[in-house]
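This report concerns only the one structure given below.
The values are calculated or read from the model by the stated rules, or taken from the named source; none is laboratory data. Quantities reported herein were computed from a predicted structural model and do not represent experimental measurements. Cβ placement follows ideal geometry from the backbone for every residue including glycine, while neighbour counts extend to all protein chains displayed.
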Amino acid sequence: MSKLRLRFNPTAFLLIIFFFNSVLRPALALVEDGEGLEEEFTEELLLKPLPDRKVLAHFHFQSSAPPSAANGRHHRLFPKAIAQLARKFQIRELELSFTQGRWNYERWGGFDPMSTANAKPPGVELWAAFDLPLNEIDHTWKNLTHALSGLFCSSINFLESSTAYSAPSWGFHSNSSKLRYGALPREAVCTENLTPWLKLLPCRDKAGIALLLDRPSIYRSHYHSQRLRLISSEFTGIILEQALTVVLQPSMRSNSPASSGYGFLQPSWSVNSLFGKEVVGQCVLAKTSRIFFELEKDLAFKVDKQQPLSSWNNSAFELSVIPNNDIREINAVKNMGSSVLYVFEVSNSNDHMPLDVGIRWKIPLVWSYPQAPFHMNRYLMGSGNERGSIAISLRSTHLLERFSRVSDGCAVHAVIFQVVPWYVKVYYHTLHIFVDGKAQIISDVVRKMKISPSEDKLSPGSMELLLRFPCNIESATLTLDFDKGFLHIDEYPPDANQGFDIPSALVTFPDFHCSRSYQLDDSIYYKSPLLSKFQEGNPVQTYTEVLLVPLTTPDFSMPYNVITFTCTVLALYFGSMLNVLRRRAGEEERLERSKASEKPGLIPLLLSKLFSKLKGKEPESSPPLSTSSSILGPKLVAKVILVGLLAVIWNYYLKNG
Amino acid sequence: MAGMRWYWPLVGAALALRLLLVPFADNLNLGSRPEVATPLTSLRRLEEGYWLKQSSLSPYTGSMYHGSPLLLIILGPLTVKRIESQPAHLYCSLIFVLVDFFTAMLIRAIGEKLMLTNCNNLKLLKPSKLVESFGGVDAGDIASLIYLWNPFTVVTCLGSCTSPIDNLMVVLAIYGACSRIVPLAAFGWVMATHFSLYPGILVIPVLLLLGYGPDAPPPKLFPQKHSNGDGSLVHVFSWGPILQFALWVVIWSCYVLLLSSISLKGFDGLYDMLKKTLGFILTVEDLSPNIGVLWYFFAEVFEFFRGFFLIVFHVNILFMVCPLAIRLMHRPCFLAFVYITISAILKSYPSVGDAALYLSLLGLFANELAEMKFSFFLFCGYIGVSLLSPVMHNLWIWRGTGNANFYFATGLAYACLQTVLVVESVSTMLNHDRMLKKELKKT
């Protein structure tokens, strides 16, 4: 029977296979293609010269996984660790950034999709929105910080403590009560954070664009920010964006004619000179792999003035590689110029023909970046370690006037979100707002306000303010007074005298939404997550500086001394008080009488006592003493007898035992 | 009695001095001095609490305000009212000047009551000895002048903190008990306890005052001299006022709690209030420096022992309550003074306001304590500490050249001085009683 079956089986098997191949497979493929149910990975790099002779390199990797129901727990490209994280903690949205250095809003721009989305505060910033009932969120957040801390080899777990994170309601991103925000401004960011981050990429840093991520050149940079953003929903699945933004200083060696004409020539650079590596082929798992080279509006406008900017080689500069495509920004304001984007396909390169995108400047050019409506600064006022003030100042960049001739009724809104640790005890009633140097009534300027004051050793204070200013103001300043707290010695960090960091405040301008769209057909947008993010855009936001607050320190070597001294004083009080209270008048009188009667000093008295004891007699000269000894006598005898008895009984029992 | 003639001018001068200094209160910056304003009494924190309440948050959100919600109702609106080019807390300062005046007058009234009973008692005991042992000064006037002219009181009054009100309530309780106005005594005691918890132990002196009447020589002396029943009339314990007092305490406490809960309606309510006021006092959460020793102790002590030492320090106040009550049963006013001093030494957030109160109460016993030892040393010590402590604070906090230990050392010295003061005064008072006994025996 079994043999028969075996013989019969192959043909049936073949038939089945054939059937599957011819009928089912295309159908399945259709389903997958049609609904985008495949895991995808794209890698992109955007290069951009900055006005202050630096270069911005923005790596953008995006992995996406379809809703988990479609393919269970198996992932082809998507990092499993992240998928598990998103599933376990029911994360709706999460953003984690490791940053070193501060984004220079004045020089590197504050009003373009790049800076608003990628400029992050120094240290670690983590926020997450959960899809959970409200009472579980804090607990989940704590677990999440531990998981991330393990995943990225950093001390994100310090955000676990309730003193470190806050729950903004509307000042940060959205009107969500399920969002938690925490920042560690002092976290040192280094290669041990980058390695696990790279491990999430399907090709790691072994192939494709990630090959450029040479550690020494990244950590030599003026600013680098390594981000991870996770968006998860039941319908779209999980999308993981990994972005690394680096601002590098190209080495000056390659720039032979140092200066000419009226200004300095911008340094010429190439990918190889920046990173010491070149792109040799794409990561084979990536769906698209592109390098973009972007010229900012103002720069493009100035180059256009020299000669209509049509090709990659013009009178102003020359690109080292012929771009596959060059595209212009649409919807640009006419007299402001429009950005230009050169596209390089990495798939065209290989080992023999590496892609070394670079630029060589021919004439000196000076340009500027679009600015946010206000420059933000935050600083401390006051001296000493008892109290101080925090000031947030907004300086107008006259953006509004440039954009549109505004009427009197015009107003600009700003949302300030600031978290201060509990040891900076802010007096919120001392909020003062000065517009152009003149004090204002708070209710005239503040439209909306949410304040949750800090609880000692329990929660940080957070402040969300919606301010409304007239458009034509020059500057505005907010000041808040605070008292400095005093901590227990265990609460000080190892280097206590360095001071404590107050995380950056975030200022959002909800009226201003920056996006940038290029003249592309929809299919390319679909394929380029970076450009589609540019097109989406986001409200203009600025992070302020991290503040360093020096706090007074106690003497760390003193605990034992302090305990002993204090307890001594207490004992002094207790002992002397008891002594005074239990001193009897009778005793004192006796003492006085004995003093009066016995002129000889203490030693003769003691001697006479001793002699009398030895003789077994009582000294007749001192009646009070005799009375006392007569009182003590029977007691003493009784005690001696008692002790003797006890000893005898003890002995007796011991012997018996 | 030369003091009597100049009494009213001196009172007037003290008040004038305060009024003169009020406009400069902001420049003196006393409100943020650790010696003057503690986290419990700081008016700045009260302002923050009021602001929070106005912005429809509980005044106890955050760790700023730890006072009573009633103070918030009374003083809150005043902190907001401003006059151009005048200090921020002008109205409050004026109120505190008034409060100081009331306190001084009450102290004077207590002094008069004490003197009256003293006179009666001594007449009862031995009229011939009266002049000799009671040839002193008018203690009430002295005490009230000490209160008004004490630099500590002046500083407290101007330093925008609520301790003058706390002091007034304590004095009110003693006055009410002295003059047997039971509702007043109960009110003072309830309010003082509500404001700062520690005056709670004053219930014993108040009960003794209500039961036995004001201070007298030890009851033993009376039967010795007057076995005919005249003496026993003075020292019978009357239960009537005690029951009345209990009733009034219940009434006032319910009233206070009711008012508090009404003013905190819509917020977390009474539990939150108790946690933030009494809990804050008992757990010594705020470790900012003050003239006491506990802040540094709890900043340095190992976390593991924190609970233990919290109990030790607070029980230390309670430990002495019974022995002192037994020994000084016949002198309830003095007992109250001793309790106030002890709690000033051991309380979690001491300030010079407490010292102002007990130093002026000390003046009430000027006659009895005339033979106190170390009085010159104590006087110099108080001056030395009050000069050195700000210097050390400045060196540590503002200049950064000093060290926390320097400031803590002045705190230790201050605690020692207070200890010596209270121990010596108790000892002198007991000696005084002994002397009275001896004098009576001799005759």
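Results for (1) without any contact (Cβ under 8 Å) to a residue 24 or more places away in the chain; (2) among the hydrophobic types (A, V, I, L, M, F, W, C); (3) part of a loop (DSSP other than H, G, I, E, B); (4) closer than 26 Å to B:HIS314 by Cα, shown as yes or no for each residue.
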site	(1), (2), (3), (4)
A:SER532	yes, no, no, no
A:VAL540	no, yes, no, no
A:THR553	no, no, yes, no
A:PHE556	no, yes, yes, yes
A:ASN561	yes, no, no, yes
A:PHE565	yes, yes, no, yes
A:ALA571	yes, yes, no, yes
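A:PHE41 satisfies every condition listed in (1) in contact (Cβ under 8 Å) with a residue 40 or more places away in the chain; (2) outside any strand (DSSP E or B); (3) in contact with a strand residue (DSSP E or B) (Cβ under 7 Å, 6 or more places away or on another chain) except (2). A residue that is within 13 Å of another protein chain (Cβ to nearest Cβ), at pLDDT 85 or above, in contact with a Pro (Cβ under 6 Å, 6 or more places away or on another chain) and not in a loop (DSSP other than H, G, I, E, B) occurs somewhere in the stretch A:573-590. Hey, could you check the stretch B:352-381 for residues that are of a type outside the set (S, T, N, Q), under 16 Å from B:THR156 (Cα atoms) and touching a residue at least 24 places away in the same chain (Cβ under 8 Å) and say which is surrounded by the fewest Cβ atoms within 10 Å (Cβ to Cβ)? Only one residue tops the list, namely B:LEU359. For beta carbons closer than 8 Å, sequence separation of 6+ or different chains, a first residue in the stretch A:227-248 that is at positive phi and a second that is not hydroxyl-bearing (Ser, Thr, Tyr), the qualifying pairs are A:GLY237/A:ALA65; A:GLY237/A:PRO66; A:GLY237/A:PRO67; A:GLY237/A:ALA70. Scanning the stretch A:341-372 for residues that are among the charged types (D, E, K, R) and over 15 Å from A:LEU47 (Cβ atoms) turns up A:ASP351, A:LYS362. Only a single criterion out of (1) under 15 Å from B:PHE337 (Cβ atoms); (2) more than 20 Å from the chain's Cα centre (by Cα) is not satisfied by B:ASP433, namely (1).
Each residue in the stretch A:150-168 was checked for being of a type in the set (Gly, Ala, Ser) and crowded, with 16+ Cβ neighbours inside 10 Å, and 5 pass.
Where helices (runs of 4 or more DSSP H) fall entirely within the stretch B:230-309, those with at least 2 residues that are of a type in the set (Phe, Trp, Tyr) and within 14 Å of another protein chain (Cβ to nearest Cβ) are at B:294-300.
Quick grid of which residues meet (1) farther than 30 Å from B:PRO289 by Cα; (2) in a helix (DSSP H, G or I); (3) out of contact with any strand residue (DSSP E or B) (no Cβ under 6 Å at 6 or more places or on another chain); (4) more than 9 Å from every other protein chain (Cβ to nearest Cβ):
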position	(1), (2), (3), (4)
B:PHE408	no, yes, yes, no
B:LEU412	no, yes, yes, no
B:LEU421	no, yes, yes, yes
B:SER425	no, yes, yes, yes
B:MET429	yes, yes, yes, yes
B:MET435	yes, yes, yes, yes
B:LEU440	yes, yes, yes, yes
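State yes or no: is A:TYR369 part of a strand (DSSP E or B) and either more than 14 Å from chain B (Cβ to nearest Cβ) or modelled with pLDDT of 85 or more (or both)? In short, no.
Filtered by the rule that a residue be in a loop (DSSP other than H, G, I, E, B) and either more than 14 Å from chain B (Cβ to nearest Cβ) or within 30 Å of A:VAL412 (Cβ to Cβ) (or both), the stretch A:487-517 gives A:PRO493, A:PRO494, A:ASP495, A:PRO503, A:SER504, A:ALA505, A:SER515, A:ARG516, A:SER517.
Only one of the listed residues (B:ALA25, B:ALA37) is crowded, with 22+ Cβ neighbours inside 10 Å, of a type in the set (A, V, I, L, M, F, W, C) and touching a strand residue (DSSP E or B) at 6+ places or on another chain (Cβ under 6 Å). That residue is B:ALA37. Strands (runs of 3 or more DSSP E) fully within the stretch A:418-486 that include at least 2 residues being within 24 Å of the chain's Cα centre (by Cα): A:424-435, A:446-452, A:461-470, A:475-484. For the stretch A:524-539, the condition holds for at least one residue, the condition being that it is of a type in the set (A, V, I, L, M), within 24 Å of the chain's Cα centre (by Cα) and not assigned by TED's automatic domain parsing to the domain that holds A:HIS432. Can you tell me which residues in the stretch A:223-248 are in a loop (DSSP other than H, G, I, E, B) and either in contact with a Leu (Cβ under 7 Å, 6 or more places away or on another chain) or among the aromatic types (Phe, Trp, Tyr) (or both)? The one that is in a loop (DSSP other than H, G, I, E, B) and either in contact with a Leu (Cβ under 7 Å, 6 or more places away or on another chain) or among the aromatic types (Phe, Trp, Tyr) (or both): A:PHE235. The residues in the stretch A:67-93 that are closer than 27 Å to A:LYS142 by Cα, in a loop (DSSP other than H, G, I, E, B) and modelled with pLDDT of 85 or more can be counted, and the count is 4. Within the stretch B:52-75, the residues that satisfy the criterion of being in a helix (DSSP H, G or I) and either crowded, with 23+ Cβ neighbours inside 10 Å or more than 11 Å from chain A (Cβ to nearest Cβ) (or both) are B:LEU52, B:PRO69, B:LEU70, B:LEU71, B:LEU72, B:ILE73, B:ILE74, B:LEU75. If you go through the stretch A:425-462 and pick out every residue that is more than 10 Å from chain B (Cβ to nearest Cβ), touching a Ser or Thr at 6+ places or on another chain (Cβ under 8 Å) and either aliphatic (A, V, I, L, M) or surrounded by fewer than 20 Cβ atoms within 10 Å (Cβ to Cβ) (or both), you end up with 6.
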